[in-house]
Amino acid sequence: MAGSHPYFNLPDFTQPSPSSTPPSLPSHQRCRPSDATKGLLVALLGGGLPAGFVGPFSRMAYQTSHLPSLELLICRCLFHLPIALLLKLRGDPLLGPPDVRGRACLHALLNVLSIGCAYSAVQVVPAGNAATVRKGSSTVCSALLALCLESQGLSGYDWCGLLGSTLGLIIIVGPGLGTLQEGTTGLYTALGYVLAFLGGLALSLGLLVYRSLDFPSCLPTVAFLFGLVGLVGSVPGLFLLQTPVLPNDPLSWSCVGAVGILALVSFVCVSYAVTKAHPALVCAVLHSEVVVALMLQYYVLYETVAPSDIMGAGVVLGSIAIITAQNLSCEREGQVEV
């Protein structure tokens, strides 16, 4: 009878040996990206890259048909209104639950002010520089607000990435600030940079308010409110402060449509990302918008890109790599991330 020897306990070599392939991990032990990793990747691919096209396309619309900034903001808000159909189909209130309705409207107002400042700034300063100042101020303000109001700390690598990205932005915009022309042109240029800074401050405040919202259908609700608040505030302002213009060429209409679609995608992705990762890190990753805007500024708008712009863009990309690599982690399914 074949088998192991009863005294020496020898193995049975007549039976086939089991496979040497290591068993696969159970489903509850498989590795999946952490929430911070998913948030930063969504901010990079869905938030920063599409947003990089918005500034140059806005400038193209202004150069082609002198489209006012408030009219461009109105066109963008129109793309947010169809989200009301989704809320109606789900049976959710359009303005959100009564207990958080005020904060949701405040979030929408801050985002409208941020976008309005950005669209106004991009008409008097280069698109890349306007995006640089706006993203830099939003990063610094988000870090300070999170530390002061949320007591949410950052690691050493995160601080290194934040300081590096801010240094890259200073390298990009510093020479331009030091050579402002005197007179009306210099005054308008300085005003454009101030508007870009205020736009970044409003963006950081809006992200902080959004993190405090927690109710079902939060993301579609704030997206719809952005369109509603933007229309209510921009339509009267357009007729009081600016002159409406009806574009009559396909290029302007194409730029307006591209701005509306890309901005909506970026808005949704950034709102999702800020619930998964630190708002300062999300804003730092969104600096990829600056690199895309500088490339389009050179290759599409044929505007000058200085060597300092290229150097600063490289520093920004390196800082984004540090932040992303530091937060690229995975967790076992079924375990709670700490």
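Data table
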quantity: Helices (runs of 4 or more DSSP H) completely within the range 197-308 that count 3 or more residues being surrounded by fewer than 19 Cβ atoms within 10 Å (Cβ to Cβ); calculated: 218-241, 250-273, 288-299
quantity: Those helices (runs of 4 or more DSSP H) lying entirely in the range 27-115 with at least 1 residues touching a Gly at 6+ places or on another chain (Cβ under 9 Å) and hydrophobic (A, V, I, L, M, F, W, C); calculated: 69-78, 83-90
quantity: Odd one out for Leu89 among (1) touching a residue at least 40 places away in the same chain (Cβ under 8 Å); (2) surrounded by fewer than 23 Cβ atoms within 10 Å (Cβ to Cβ); (3) more than 19 Å from Ser212 (Cα to Cα); calculated: (1)
quantity: Residue match in the range 130-146 (condition: more than 16 Å from the chain's Cα centre (by Cα) and buried (at least 24 other Cβ atoms within 10 Å of the Cβ)); calculated: no
quantity: Which numbered condition Ser4 misses (of (1) assigned to a helix (DSSP H, G or I); (2) in contact with a Pro (Cβ under 9 Å, 6 or more places away or on another chain); (3) at pLDDT below 85); calculated: (1)
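Per-residue answers, yes or no, for (1) farther than 22 Å from Ser254 by Cα; (2) open to solvent by 10 Å² or more (accessible area, probe 1.4 Å):
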site	(1), (2)
Leu44	yes, yes
Phe57	no, yes
Pro82	no, yes
Pro97	yes, yes
His107	yes, no
Val122	no, no
Gly128	no, no
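The values are calculated or read from the model by the stated rules, or taken from the named source; none is laboratory data. Fair warning: this is a prediction, and the values are worked out from it, not measured in the lab. FYI the Cβ positions are ideal-geometry reconstructions off the backbone, even for glycines, and counts take in every protein chain you see. The protein model used for the area step is the full one, side chains on, heavy atoms only, and it has no ligands, DNA or RNA in it. Shrake-Rupley method; radii C 1.70, N 1.55, O 1.52, S 1.80 Å.
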